[in-house]
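The next block holds one structure in the form of structure tokens; read it before the comments.
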Amino acid sequence: MKIVRLAVVLFLLSTVATYAQYTSRVTSGIDLGTGYYDKEWAPSVMYHQELSVKAFPWFNLGWGVRTAAYYTGDKSLVPDNIQSKGDSLKFGRITSNSLSVLLGISLKFGNFDIGANTDIMGIAIGVKRNAYYAKNAFPTGESSDYYNSNVPSSPNFFNVVPLAVEKNSGQSEVFVRYWINERVGVKLGYVHGRQTYKTDVKLDNNQNMFSTTYDMPYVAVSFPLYN
């Protein structure tokens with residue numbers, strides 16, 4: 001009986017050992033940082049997980065959650081409708097905060113991680129502001145009452161794949177992360193973002209979404225949660 005039990009244990013151990021050669025490893029961490037360029041700020045906190053197959057430990061698929069913000073002063077946002085070319089919403093200040101789910105990939109070489117990620121789906125909130133609707137008076141359109149006047153506007157709430165869809169808000173980044181030791185690392189990157197505001201009323205050509213994009217360098221401190 002003892003021999004049978006020993007054989008079963010050895011069989012299970014060998015099965016686990018064989019399976020472990022092909023199973024995946026999950027790691028996770030938090031990045032605390034900000035992007036900045038020419039009086040524009042984009043601070044963020046990102047929780048991320050990476051999945052690596054043991055046969056290819058240098059290649060990781062990632063997912064996570066990013067809470068981010070975009071702060072700037074004077075800014076003009078434009079619609080994506082070519083028929084509304086020349087229209088713009090002019091803000092004296094923009095303050096928007098977002099929470100998004102992201103996907104990414106990264107390559108690991110020693111203490112270095114090199115990768116990219118992008119928001120897939122998220123929400124954005126911010127203070128409702130009066131934006132100046134700059135519009136040539138001729139020809140007169142259906143929203144002529146709002147020409148060259150203030151229009152209440154706020155960040156577009158629900159956003160999907162902002163990297164590809166213009167009427168959405170969110171961020172994408174490319175980065176290099178260096179782990180100084182097992183407890184802390186530094187991350188340098190470049191952020192591409194899109195900020196979209198929605199007006200309370202429909203304007204010419206049925207437009208109520210106005211966007212701007214921003215690009216800026218990014219620096220963060222990284223902390224692993226478990227490995």
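Observations on the structure shown:
- Of the residues in the range 196-210, at least one is on the phi > 0 side of the Ramachandran plot and either of a type in the set (F, W, Y) or not in a loop (DSSP other than H, G, I, E, B) (or both).
- Residues that are out of contact with any Lys or Arg (no Cβ under 8 Å at 6 or more places or on another chain) and surrounded by 16 or more Cβ atoms within 10 Å (Cβ to Cβ) were ranked within the range 50-62; the one that is nearest to N111 (Cα to Cα) is E50.
- Of all residues making up the range 152-171, the number that are at pLDDT 95 or above and crowded, with 21+ Cβ neighbours inside 10 Å: 8
- Among the residues of the range 124-151, those identified as at pLDDT 85 or above and surrounded by 15 or more Cβ atoms within 10 Å (Cβ to Cβ) are A124, G126, R129, A131, Y132, Y133, A134, Y147, V151.
- Boolean, Y190 is touching a strand residue (DSSP E or B) at 6+ places or on another chain (Cβ under 6 Å), more than 18 Å from Y214 (Cβ to Cβ) and among the hydroxyl-bearing types (S, T, Y): no
- The sole residue among N130, N136 that is among the polar types (S, T, N, Q) and part of a loop (DSSP other than H, G, I, E, B) is N136.
Here is a yes/no grid of residues against (1) within 22 Å of Y190 (Cα to Cα); (2) hydroxyl-bearing (S, T, Y); (3) without any contact (Cβ under 8 Å) to a residue 40 or more places away in the chain; (4) part of a strand (DSSP E or B):
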| position | (1), (2), (3), (4) |
| --- | --- |
| P43 | yes, no, yes, yes |
| H48 | yes, no, no, yes |
| S76 | no, yes, no, yes |
| L89 | no, no, no, yes |
| S98 | yes, yes, no, yes |
| V101 | yes, no, yes, yes |
| G115 | yes, no, no, yes |
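- Remark: K187 falls outside the filter, which requires a residue to be at pLDDT below 95 and touching an Asp or Glu at 6+ places or on another chain (Cβ under 7 Å).
- Of all the numbered requirements in (1) under 27 Å from L107 (Cβ atoms); (2) not in a strand (DSSP E or B), K167 misses one, and that requirement is (1).
- The set of residues from the range 189-218 being exposed (fewer than 15 other Cβ atoms within 10 Å of the Cβ) and of a type in the set (A, V, I, L, M) comprises just one member, V201.
- Filter result (assigned to a strand (DSSP E or B) and more than 12 Å from the chain's Cα centre (by Cα)) within the range 50-74: E50, L51, S52, V53, F59, N60, L61, G62, Y71, T72
- Looking at V160, V151, V127, just one residue is touching a Lys or Arg at 6+ places or on another chain (Cβ under 9 Å) and among the aliphatic types (A, V, I, L, M), and that residue is V127.
- Which numbered condition E182 misses (of (1) outside any loop (DSSP other than H, G, I, E, B); (2) touching a residue at least 40 places away in the same chain (Cβ under 8 Å); (3) loosely packed, with under 12 Cβ neighbours inside 10 Å): (1)
The values are calculated or read from the model by the stated rules, or taken from the named source; none is laboratory data. All values reported here derive from a predicted model rather than from experimental measurement. Cβ atoms come from the backbone with ideal geometry, glycine included; neighbour counts cover every protein chain shown.
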